[in-house]
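Reviewing the structure listed below.
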Amino acid sequence: MAKINTDSWTAFKLSDIFFMSNTKSIVQKSIIPDSGTIPYVTAQAGNNGILTYIDCPSEWLDSGNCIMIGGKTLTFSYQAVSFCSNDSHNIALYLKDSTKATEPIYLFLIVALRAALSQKYSWGDSISMKRIKSESFYLPTTKSGSPDWEYMNLYMKKVLASAKDHLDCLLPVSI
């Protein structure tokens, strides 16, 4: 796909776009791996942050359909379903406009967030709820100056379709 021209994008405060909360925390030594169906999400970069699936008490669940940021590692993942987290330093971001809270839009936002925050935060200088509330990131905008949700949605749908086409080419041909 062609490189996106970001020259006309506008800065938005994260706190204007998202509701934010620290995730609840169940430390790894307290879980039984593969004991259930709830994703146990960590700040690891691989496997969408999912370490295993556990039987998680409802009081420790964080709602899905959000972006989870690994607070200490600055990893980003889209969590489609409710999950349990390993660290209360992890941060869950929920779109304030829930009508825009779709997987393609969240995936687009992850890329924009990573671009804005990755140069500022790292393991030695981890992000926190206090610090993230004052951060801004750039998004495509409509002529009225609001985020261009339609553009984000359509762009990511094209990216996902292209990725699927490339992956389908890797499947063995049945004879």
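The values are calculated or read from the model by the stated rules, or taken from the named source; none is laboratory data. Just so it is clear, the model here is predicted, and its values are computed rather than measured. In this analysis, Cβ positions are derived from the backbone assuming ideal geometry, glycine residues included, and neighbour counts consider all displayed protein chains. In case anyone asks, the SASA skips ligands and DNA or RNA and just uses the protein heavy atoms, side chains included. Shrake-Rupley method; radii C 1.70, N 1.55, O 1.52, S 1.80 Å.
Here are a few things to note about the model shown:
- Being aliphatic (A, V, I, L, M), touching a Leu at 6+ places or on another chain (Cβ under 7 Å) and farther than 24 Å from residue 4 by Cβ is true of residue 127.
- Residues in segment 68-104 that are modelled with pLDDT of 95 or more, in a loop (DSSP other than H, G, I, E, B) and hydrophobic (A, V, I, L, M, F, W, C): 80, 81, 101.
- Qualifying residue in segment 105-127 (condition: surrounded by fewer than 19 Cβ atoms within 10 Å (Cβ to Cβ), free of Cβ contacts under 8 Å to residues at least 12 places away in the same chain, among the polar types (S, T, N, Q) and part of a helix (DSSP H, G or I)): no
- Exclusive hit being surrounded by 19 or more Cβ atoms within 10 Å (Cβ to Cβ) and of a type in the set (Asp, Glu), set 16, 97, 87, 34: 87
- Filtering 102, 52 for residues that are of a type in the set (S, T, N, Q) and open to solvent by 20 Å² or more (accessible area, probe 1.4 Å) leaves a single hit, 102.
- When residue 131 is tested against (1) surrounded by 12 or more Cβ atoms within 10 Å (Cβ to Cβ); (2) in a helix (DSSP H, G or I); (3) modelled with pLDDT of 95 or more; (4) not small (Gly, Ala, Ser), exactly one condition is not met: (3).
- Taken over segment 134-160, the criterion of being open to solvent by less than 40 Å² (accessible area, probe 1.4 Å), part of a loop (DSSP other than H, G, I, E, B) and of a type outside the set (D, E, K, R) is satisfied by 140, 145.
- Among (1) open to solvent by 40 Å² or more (accessible area, probe 1.4 Å); (2) farther than 30 Å from residue 31 by Cα; (3) not acidic (Asp, Glu), the one test that residue 63 misses: (2)
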